[in-house]
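The values are calculated or read from the model by the stated rules, or taken from the named source; none is laboratory data. Owing to the predicted nature of the structure, the values given are computational and were not obtained by experimental measurement. Backbone-built Cβ (ideal geometry, glycine too); neighbour counts: all protein chains shown. Ligands, DNA and RNA are stripped out before the accessible areas are found, and what is left, the full protein with its side chains, is counted by its heavy atoms. Shrake-Rupley method; radii C 1.70, N 1.55, O 1.52, S 1.80 Å.
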Amino acid sequence: MKMFKLLFFGALSVCLFFACSELGEDYSGDLKSGNLGSDKDGDVKMVTVPFNVDYLGTYQPLGDKCDVNVIVDGIGTGTHVGNSTIHFDFCILSNSADGDSTYYGNTYAYIVAANGDTLFVSIEGAVVEPPLDDHPDYVVNYWRDPFKILDGTGRFEGATGGGWSNDYNSTEDNYSHHHWEGTIKMKKGKR
């Protein structure tokens, strides 16, 4: 009798496992458009989540892709990228008539995450002088421009998104200071 009960409960457990797993697949498929910002793209589930990064950039010797080429490499941290590095390679396009703004663009930029996956981004806009009233005294100039997430490698393959930069140069050091906030739509990670 003891062996019969053991076999009965074992068989019942297996049946419940398979019944629940099929129900779970059908149920999650029914929630495709209402699943807290997630969508299925083929067999890959994509989620939209906050994206925030902070970096200190170091200006490198000028490149040669345009008349005034600026290259910045930096280190920092962020959501979904962990301890990571950035690389910006962009052109100074022109100065405003009043001399208070410098426009930049033709940006080639990427973030290399802690695990080596790369996130490709684009940003262009204007570096503005003098700073705003809400900036500390040490801010020399700033740029608050939209950025776009273009794609990536590894877990960032197919990633999209964007947000706004809140960046500045300082009299206290030779770094460029970068703080970006926005969202990223990327492959859902395994927990």
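Tabulated values for the structure
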item: Inter-site label distance for Asn166 and Cys66 at 7 Å from Cα along Cβ, in nm; result: 2.7 nm
item: Full-stretch length increase - Thr153, Asn52 - with 0.36 nm per residue and alpha-carbon distance subtracted; result: 34.5 nm
item: Cβ-derived FRET efficiency at R0 25 Å, Asn106 paired with Glu129, nearest 0.05; result: 0.70
item: Per-residue HN-Hα couplings for the stretch 163-176 [Karplus 6.51, -1.76, 1.60; θ = phi - 60°; Hz; x = Gly/Pro]; result: x, 10, 8, 9, 10, 7, 10, 10, 7, 7, 7, 9, 8, 9
item: With all protein chains modelled, accessible area of Val44 [1.4 Å, Å²]; result: 60 Å²
item: Using θ = phi - 60° and Karplus 6.51 cos²θ - 1.76 cosθ + 1.60, couplings along the stretch 113-120 (whole Hz; Gly, Pro as x); result: 6, 4, 8, x, 5, 10, 10, 8
item: Placed amide H near Thr77: partners under 5 Å, 5+ positions off or other chain; result: Asp54, Ser84
item: Residues whose placed amide H lies under 5 Å from that of Leu150, excluding near-sequence neighbours; result: Phe120, Val121, Ser122
item: In Å², nearest 10: area of Ser101 left accessible to a 1.4 Å probe; result: 20 Å²
item: Proximal charge balance of Asp54 [Cβ under 12 Å; K/R count +1, D/E count -1]; result: -2
item: Spin-label zone in the stretch 168-188 - amide nitrogen under 16 Å from a point set 7 Å from the Cα of Asp137 along the C-beta vector; result: 170-173
item: Net +/- balance of residues flanking Glu129 in space, Cβ distance below 12 Å, scoring K and R +1, D and E -1; result: -2
item: Calculated FRET efficiency for the pair Asn174/Ala97, C-beta based, R₀ 30 Å, to 0.05; result: 0.55
